[in-house]
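S.K.: What follows is a single structure, and I will ask about it in a moment.
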Amino acid sequence: MSDNMHHQWLLLAACFWVIFMFMVASKFITLTFKDPDGYGAKQEPLILTAVTKVEEAHVPEEKHWTKEFQPTGKAFTGNLLHHPLVHMERLELLRNVCRDTALRNLSHTAVSKFVLDRIFVCDKHKILFCQTPKVGNTQWKKVLIVLNGAYSSIDEIPESIVHDHEKNGLPRLSSFSDSEIKKRLNLYFKFFIVRDPFERLISAFKDKFVHNPRFEPWYRHEIAPSIIRKYRRNRMETKGLQFEDFVRYLGDPNHRWLDVQFGDHIIHWVTYVELCAPCEITYSVIGHHETLEDDAPYILKAAGIDRLVSYPTIPPGITVYNKTKVERYFSGISKRDIRRLYARFEGDFKLFGYRVPDFLLN
């Protein structure tokens, strides 16, 4: 009987040994063959990966874009390893277009008081932010207001304060002496945000002439009538400003006489070139509204303020390019008027990697 028990214990021990060896072998196999592509990518030197990607994505040509719009670097969205390359690519494209003499009139502008008025200063953290309306600038202003110490958190900032430049604690670059301006332009972290130029114009039109906030009555009661008198073809039409009227005004080579009359209100629809002088000022980062979910954290980190403040939560889908909406707004407008509009904003399209709309090519 004792021999039988002895044999049973030996058999049980042997079973345990076999199970143990199987587990060890299984673990070895798992570690050896798990996700070979991902594992191999981790071992690949970063410099080789970077060189490969830059060569593949070097200054994108229009023929490489898909039918649906994709801003420069969209393919890298979500890939944190390569995200800095997106911004390098954008700056390289900007530099190349700035050097194109054929586009000089559309890409260059003087660093005038108008430009300096658009740039907000955070001396505490050495940051300059150029305001380009209709691309989420209100949220960036809130970030800078907190950084300047006027409020301890974004949630505490009253909406009425954000755009009140006498109370929000955001000095404009134009308020400094020439030597102080030059010093800040040379030393500070500088950035601004862009968006598909035509979609931005639609946003400006809807906000200022359709919805028209009660605290901005001049857009509907002063600016709109001036545009209608000059550019409406159907004089029997009694409706308010139509998008067709707006496009005709913007595309008119002689639009400047009205711009002077409208004053700084034109900042909602003038070109990024006129607002921020990107070929004259060396910006550190150019964010895209279409990839703001990735770009906002990147900008905060690049500026060294990511542990001090966060960009406000972006509602789902709000930054997505709406191709259908853009086509609908331009569907009833003549090709001649659209071409004239594009001719004015061509610098913005090419400097920041936005493709020519399909309805303009067809």
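S.K.: Taking the dipole about the Cα centre of region 260-362, with the C-beta of Lys and Arg at +1 and of Asp and Glu at -1, give me whichever of Ile299, His265, Ser331 is farthest to the positive side.
M.R.: Result: Ser331.
S.K.: Could you give the spread of the C-alpha atoms of region 246-362 along their three principal axes, from largest to smallest, in whole angstroms?
M.R.: Taking the Cα atoms of region 246-362, the three principal extents are 49, 33, 23 Å.
S.K.: Let me ask something additional. Where in region 109-167 are there GluC sites (Glu not before Pro) that are in a DSSP coil and have at most 14 other Cβ atoms within 10 angstrom of their Cβ? Display every interim value, and only then the final one.
M.R.: Details: sites: Glu156, Glu159, Glu166; in loops: Glu166.
In loop regions of region 109-167 (DSSP not H, G, I, E or B), the sparsely surrounded GluC sites (Glu not before Pro) are Glu166.
S.K.: In debye, nearest 20: dipole of region 274-362 around its Cα centre with unit charges on the Cβ of K, R (+) and D, E (-)? Can you show the working numbers first?
M.R.: Values: 12 positive and 12 negative charges, 88 e Å.
Taking the Cα centre of region 274-362 as origin, the dipole is about 420 debye.
S.K.: What does the charge add up to near Ala204, with Lys and Arg as +1, Asp and Glu as -1, over the other residues with Cβ less than 11 Å from its Cβ? The partial results should precede the final answer.
M.R.: Numbers: positive: Lys134, Arg195, Arg200, Lys206, Lys208; negative: Glu199, Asp207.
Taking every Cβ under 11 Å from that of Ala204, the sum is +3.
S.K.: Students often check this: by mean Cβ neighbours within 10 Å, which of 192-204, 97-109 ranks highest, and how do the rest follow? Can you show the working numbers first?
M.R.: Working: 192-204: 22.7, 97-109: 14.8.
Packing order, densest peptide first, comes out as 192-204, 97-109.
S.K.: What does the highest-first list of 116-122, 147-153 look like by mean Cβ count within 10 Å?
M.R.: On the way: 116-122: 21.6, 147-153: 14.3.
Top to bottom by mean Cβ count within 10 Å: 116-122, 147-153.
S.K.: So, counting K/R as plus one and D/E as minus one, what does the shell of residues with Cβ under 9 Å around Thr132 add up to?
M.R.: Details: positive: Arg118, Lys134, Arg195, Arg200; negative: none.
Local charge sum for Thr132: +4.
S.K.: A 32 angstrom limit on the alpha carbon distance is what I want to check against. Which of Lys183/Lys230; Lys113/Lys142; Lys141/Lys206; Lys124/Lys208; Lys124/Lys350; Lys141/Lys335 exceed it?
M.R.: Working: Lys183/Lys230 44 Å; Lys113/Lys142 23 Å; Lys141/Lys206 22 Å; Lys124/Lys208 34 Å; Lys124/Lys350 34 Å; Lys141/Lys335 38 Å.
In this structure, Lys183/Lys230; Lys124/Lys208; Lys124/Lys350; Lys141/Lys335 exceed 32 Å between Cα atoms.
S.K.: Which Cα, out of Phe120, Val143, Ala110, lies furthest along the positive dipole direction of region 109-170 (beta carbon charges, K/R +1, D/E -1)?
M.R.: Ala110
S.K.: Related question: Identify the trypsin sites (Lys or Arg not before Pro) of region 242-350 meeting these criteria: DSSP loop state and at most 13 other C-beta atoms within 10 Å of the C-beta. Numbers along the way, then the final one.
M.R.: On the way: sites: Arg248, Arg256, Lys301, Arg307, Lys323, Lys325, Arg328, Lys335, Arg336, Arg339, Arg340, Arg344, Lys350; in loops: Arg307.
Hits after loop and neighbour filter: Arg307.
S.K.: Where Lys and Arg each count +1 and Asp and Glu each count -1, what net charge lies around Glu180 among other residues with Cβ under 14 Å from its Cβ?
M.R.: On the way: positive: Lys126, Arg172, Lys182, Lys183, Arg184; negative: Asp123, Asp178.
Spelling it out: positives minus negatives among the neighbours equals +3.
S.K.: So what is the accessible area of region 139-276 per residue, in Å², with the probe set to 1.4 Å?
M.R.: Heavy-atom SASA per residue in region 139-276 reads 48 Å².
S.K.: How would you order 275-285, 229-239, 175-185 from highest to lowest mean count of nearby Cβ atoms within 10 Å? Spell out each step's value before the answer.
M.R.: Working: 275-285: 19.2, 229-239: 11.2, 175-185: 12.7.
Output ranking for 275-285, 229-239, 175-185: 275-285, 175-185, 229-239.
S.K.: How much of the accessible area of region 128-271, probe 1.4 Å, is carbon plus sulfur, in whole percent? Don't skip to the answer; put the middle values down first.
M.R.: On the way: 3400 of 6790 Å².
Within region 128-271, the accessible surface is 50 percent carbon and sulfur.
S.K.: Kindly report the accessible area of region 316-362 per residue (heavy atoms of protein chains, probe 1.4 Å, no ligands, DNA or RNA), in Å². Walk me through the numbers on the way to the answer.
M.R.: Working: 2210 Å² over 47 residues.
Averaged over the residues of region 316-362, the accessible area is 47 Å².
The values are calculated or read from the model by the stated rules, or taken from the named source; none is laboratory data. Because the structure is predicted, anything quoted here is derived from the model rather than measured. In this analysis, Cβ positions are derived from the backbone assuming ideal geometry, glycine residues included, and neighbour counts consider all displayed protein chains. These area figures cover heavy atoms from the full protein model, side chains too; ligands, DNA and RNA do not enter into them. Shrake-Rupley method; radii C 1.70, N 1.55, O 1.52, S 1.80 Å.
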